[in-house]
Amino acid sequence: MFIFTLVLCLAALAWAYRHWLKVLRRLKFVALAICTLFAWQTPGIQVIPALQAFSPTYDGLMLALPPLLRLMSVAAVVALLKEQLNPDAWVGSLYALSWPFKYLGLAREKLAIRLRLVLDYVEENDLDWRGLLHSASGSSEEAVIVQCEIYPMSSVDRIWVAGFLLMIIGVGMW
C-alpha cells in the first residue's frame with residue numbers, strides 16, 4: 001500500500017503538482033479528523049505518557065496510516081485526472097462507466113449531472129460558502145441549465161475496462 005501511494009504521489013508531483021496541492025489543501029481537515037479519531041480513540045501505548053488520557057496512542061497512529069494512505073492515493077488520482085481531463089470528459093467518462101447502474105434501476109444521467117454541478121462549484125475561485133448557506137435558507141430558487149457531451153465507449157475502452165475488472169477480481173481472489 002505504501003509503495004502504491006508513493007508511486008501515485010510522485011506521479012502527481014511530476015505531472016499535476018498544482019492540482020495535487022489544491023486537492024490536498026481541501027482534504028486537510030479530513031486527514032486531521034482521521035488522525036484525531038484513530039490516535040485518540042484507540043487504546044494502546046501512549047505517545048506522551050505525561051498527558052495520560054489526553055495522549056495519542058502508537059496503536060491509533062498506526063491504525064490511522066492506511067486510511068491516510070488511501071486518502072493520499074485518491075488525492076493523487078484526482079489531481080492527475082484534473083490535469084488530463086476537462087469537466088466534460090469527467091462527466092462523459094463517468095456516464096460511460098456507469099452503464100451497469102441502468103440494470104439496477106438507477107439513473108446514471110442524474111449521477112452525471114450531479115458530478116457536473118459539483119465540478120462547476122469546485123472550480124469557482126470566488127466561492128463564498130457562507131453566502132451559499134444563507135441563500136439556501138431563503139426561498140429563491142433558480143434553474144440551472146447543464147449541458148454535457150456524452151461520448152460512447154469504443155471497443156478499446158471496453159477492453160481496458162474488462163482488463164481492469166479482471167485485475168480487480170484476480171487481486172480479490174488472491
Near pairs, Cβ below 9 angstrom, 6+ apart or cross-chain, from region 15-26 (touching a residue at least 24 places away in the same chain (Cβ under 8 Å)) to any residue that is among the polar types (S, T, N, Q) and surrounded by fewer than 18 Cβ atoms within 10 Å (Cβ to Cβ): 15/84; 16/84
Given (1) in a loop (DSSP other than H, G, I, E, B); (2) among the hydrophobic types (A, V, I, L, M, F, W, C); (3) surrounded by 13 or more Cβ atoms within 10 Å (Cβ to Cβ), residue 75 misses just (1)
Just to be sure, is residue 39 touching a Pro at 6+ places or on another chain (Cβ under 7 Å), on the phi < 0 side of the Ramachandran plot and among the hydrophobic types (A, V, I, L, M, F, W, C)? yes
Going by what's in this entry, would residue 43 be described as under 23 Å from the mean Cα position of the chain (by Cα) and not charged (D, E, K, R)? no
With the requirement that a residue be open to solvent by less than 90 Å² (accessible area, probe 1.4 Å) and under 20 Å from the mean Cα position of the chain (by Cα), what does region 46-72 give you? 64, 65, 66, 67, 68, 69, 71, 72
Starting from region 70-91, take each residue that is basic (Lys, Arg) and list its partners that are open to solvent by less than 40 Å² (accessible area, probe 1.4 Å) and assigned to a helix (DSSP H, G or I), counting only C-beta distances under 6 angstrom and pairs at least six apart or across chains. 82/19
What is the one condition in (1) surrounded by 13 or more Cβ atoms within 10 Å (Cβ to Cβ); (2) within 30 Å of residue 108 (Cα to Cα) that residue 86 does not satisfy? (1)
Breaking point among (1) part of a helix (DSSP H, G or I); (2) out of contact with any Lys or Arg (no Cβ under 6 Å at 6 or more places or on another chain), for residue 19: (2)
I need the full set of residues from region 78-98 which are closer than 21 Å to residue 25 by Cα and either in contact with a strand residue (DSSP E or B) (Cβ under 7 Å, 6 or more places away or on another chain) or part of a helix (DSSP H, G or I) (or both), in order please. 78, 79, 80, 81, 82, 83, 84, 87
Sort out which residues of region 91-112 are under 16 Å from the mean Cα position of the chain (by Cα) and either surrounded by 18 or more Cβ atoms within 10 Å (Cβ to Cβ) or among the charged types (D, E, K, R) (or both), and write them in order of number. 91, 93, 112
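The values are calculated or read from the model by the stated rules, or taken from the named source; none is laboratory data. This one's a predicted model, so the numbers in the text were calculated from it and none came from an experiment. Because the Cβ atoms are built from the backbone with ideal geometry, glycine has one as well, and the counts that use them run over all protein chains shown. Heads up: the accessible areas ignore ligands, DNA and RNA and are worked out on the full protein's heavy atoms, side chains in. Shrake-Rupley method; radii C 1.70, N 1.55, O 1.52, S 1.80 Å.
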